[in-house]
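Here the structure comes first, spelled out in structure tokens, and everything after it is commentary.
Every read-out reported here was derived from the displayed coordinates using simple, explicitly stated rules and does not represent laboratory data. Everything numeric here is computed off the predicted structure, so don't read it as measured data. With ideal geometry, Cβ positions are generated from the backbone for all residues, glycine too; neighbour counts draw on all protein chains shown.
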2 protein chains.
Amino acid sequence: MEPLRAILFDIDDTLFSTTTFATKARRNAVRAMLRAGLKMEEEAVYSELQEVIREFSSNYSQHFDKLLMRLPLAAQVGTNPALIVASGVAAYHDTKFRDLLPFADALPFLKAVRSVGLITGVVTHGLTAKQAEKIVRLGLLPYLNPNAIFISDQLGIAKPNAKLYQAALRAIGVAPGEAMHVGDSLSHDIAPPKSLGMRTAWIYRTAREGQDLAIKPSHRVQDFKELAQVLRKEYDLDLPQFDASVAPGQE
Amino acid sequence: MEPLRAILFDIDDTLFSTTTFATKARRNAVRAMLRAGLKMEEEAVYSELQEVIREFSSNYSQHFDKLLMRLPLAAQVGTNPALIVASGVAAYHDTKFRDLLPFADALPFLKAVRSVGLITGVVTHGLTAKQAEKIVRLGLLPYLNPNAIFISDQLGIAKPNAKLYQAALRAIGVAPGEAMHVGDSLSHDIAPPKSLGMRTAWIYRTAREGQDLAIKPSHRVQDFKELAQVLRKEYDLDLPQFDASVAPGQE
């Protein structure tokens, strides 16, 4: 087997829990709207917001405006709608400021992988500004090679098109067999790089239901502790032990 | 003299220091861009950013993208521009989260004014979402009558058009002589309400140079301590003493 030279990661639900964060941010937003004077039950507003996001996609930028349009006028009497919306938006962003955190084992793992000389990068699907903000806020920047950050929107190629992974490999100058991609979606993160001959690791702790289990990754791991074991045993990498309960920089 | 029933405030440079906040947020943004890998002198980047804001207005939403377009490519070699922009944007927003604070005497003054039964509101010039966010983040919401918040963009009337003040008075059902407007700009906050017969207070601690001093407000005050004295002496209002160094809610 060729030695491993690079390891690339999906971001959402691979390096942090998208669902946990989004739920918290949306709950906080709804509560702030109620505190600002909206007169409704929290659950009713929250479920209407979920509907808006499903209908307009999570990348739409006016969720809270749309939400207010759909709520009964009686619930808004005596308020200024702009203030209700602004309260929701501010609470959402404040959650991002405080609670957008990587999985406890993600940064320690990245640090360990870098310490043995591997190129570390991300191949992520989404809008450039949104994915770049996640990379910054998750604190990934110091642990990634700056030339190994690939955002689908920035390259004009979307997952699951394998060309995205091909472009990434070309940019970092690494052959498919020398690179591993790690992600939570079998169809988007495993099948395309596998088709190029890349090594793949499926991290299943947040994997959604309904995936095509006929797609076989090189490795199935629960978390980064387990992936570290795989790298030590099967790739002869001398990864240091790491404490997944302490994030680098806080040691 | 008619008794005072309502007091309306401009926001920017009246309830908080726009300049102090903007300078801090932009400095933090530039520093974050340098930490993310931009290879330039801080002062050169900061002054280019100032130029961008002057040319595209402070309400433009893509300052950092434009900034990067204008910086030499040599300063960006080996970086991903989206990450540089995202680092600047995140640092700017984080400053908003932490440092968007009213003048120390603003909330205590609002609280005192409300305790004697006056209607308190704002008449502010700018984009709806931006001004609403300031009202929320400055913590003004609990001290304002919800039906007394007027944002020029939301009403379709911009300062210095006196109709904006007229619409505000009509909405709260108060005669011009029973209302006072407080602001830092003689041309935008004093002349128009004065033309309607409103009382006016010019708060000059952050007043810009080059104002038309021929415009005479009812009162010239340094800060809200002084305005409280005016309200006690000239309007017979029994305003409680307040400690301007302690914000309400922190007592």
- Message: How far, in nm to one decimal, is B:Ala158 from itself in the other copies if the label point is set 7 angstrom along Cα toward Cβ? Shortest first, please.
- Response: 3.7
- Task: Can you tell me the dipole magnitude for segment A:19-99 around its Cα centre, using point charges on the Cβ only (Lys, Arg +1; Asp, Glu -1), in Debye to the nearest 20?
- Result: 200 debye
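For chain A, what is the calculated [θ] at 222 nm in deg cm²/dmol (nearest 500), taking -39500 (n - 2.57) for each run of four or more DSSP H residues and dividing by its residue count?
On the way: 10 runs with 112 residues, N = 251.
After summing the helix terms and dividing by the residues of chain A, the value is -13500 deg cm²/dmol.
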- Message: With the label 7 angstrom out along Cα to Cβ, how close does A:Glu42 come to the same site in each of the other copies, in nm, nearest first?
- Response: 4.2
- Quick one: of B:Lys159/B:Lys194; A:Lys96/B:Lys130; A:Lys39/B:Lys163; B:Lys134/B:Lys194, which pairs are farther than 20 Å apart, Cα to Cα? A:Lys39/B:Lys163; B:Lys134/B:Lys194
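Please go through segment A:1-110 and write out the trypsin sites (Lys or Arg not before Pro) that DSSP classes as loop and that have at most 16 other C-beta atoms within 10 Å. Spell out each step's value before the answer.
Numbers: sites: A:Arg5, A:Lys24, A:Arg26, A:Arg27, A:Arg31, A:Arg35, A:Lys39, A:Arg54, A:Lys66, A:Arg70, A:Lys96, A:Arg98; in loops: A:Arg5, A:Lys39.
Loop-located and lightly packed - A:Arg5, A:Lys39.
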- Taking a label point 7 Å from Cα toward Cβ, how far is B:Leu73 from its twins in the other copies, in nm, shortest first? 5.7
- Task: May I ask for log10 I(q)/I(0) of segment A:13-124 at q = 0.14 Å⁻¹, from a Debye sum over the Cα atoms as equal point scatterers with solvent left out?
- Result: -0.63
- Message: Less than 20 Å from a label point 7 Å out along the Cα-to-Cβ axis of B:Val77: which backbone N atoms in segment A:105-149 qualify, by residue?
- Response: A:145-149
- Message: To confirm my reading of the symmetry, which residue of chain A has the Cβ nearest the axis that brings A onto B, and what whole-Å distance does it have?
- Response: A:Phe97, 2
- Message: Please compute the modelled spin-label separation between A:Glu2 and A:Ser187, points set 7 Å along Cα→Cβ, answer in nm with one decimal.
- Response: 2.9 nm
- Task: Can you work out the PRE-style zone for A:Lys163? Point 7 Å along Cα to Cβ, and I want the residues of segment A:100-137 with backbone N under 19 Å.
- Result: A:123-128
- Task: For the protein assembly as shown, state what percent of all Cα-Cα pairs lands in each successive 10 Å bin, counting from 0 Å until the bin that includes the largest distance.
- Result: 4, 17, 23, 21, 16, 10, 6, 2, 0, 0
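Mind pulling the per residue volume of the convex hull built on the Cα atoms of chain A? Å³ is fine. Mind dumping the intermediate values first?
Values: hull volume 32.5 nm³, N = 251.
Output value, Cα hull per residue: 129 Å³.
Starting from segment B:4-99, pick out the GluC sites (Glu not before Pro) whose DSSP state is loop and whose Cβ has at most 15 other Cβ atoms within 10 Å.
Details: sites: B:Glu41, B:Glu42, B:Glu43, B:Glu48, B:Glu51, B:Glu55; in loops: B:Glu41.
The qualifying sites are B:Glu41.
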- Note on the structure: Partner shielding of B:70-83, taken as the mean number of other chain Cβ atoms within 10 Å, equals 3
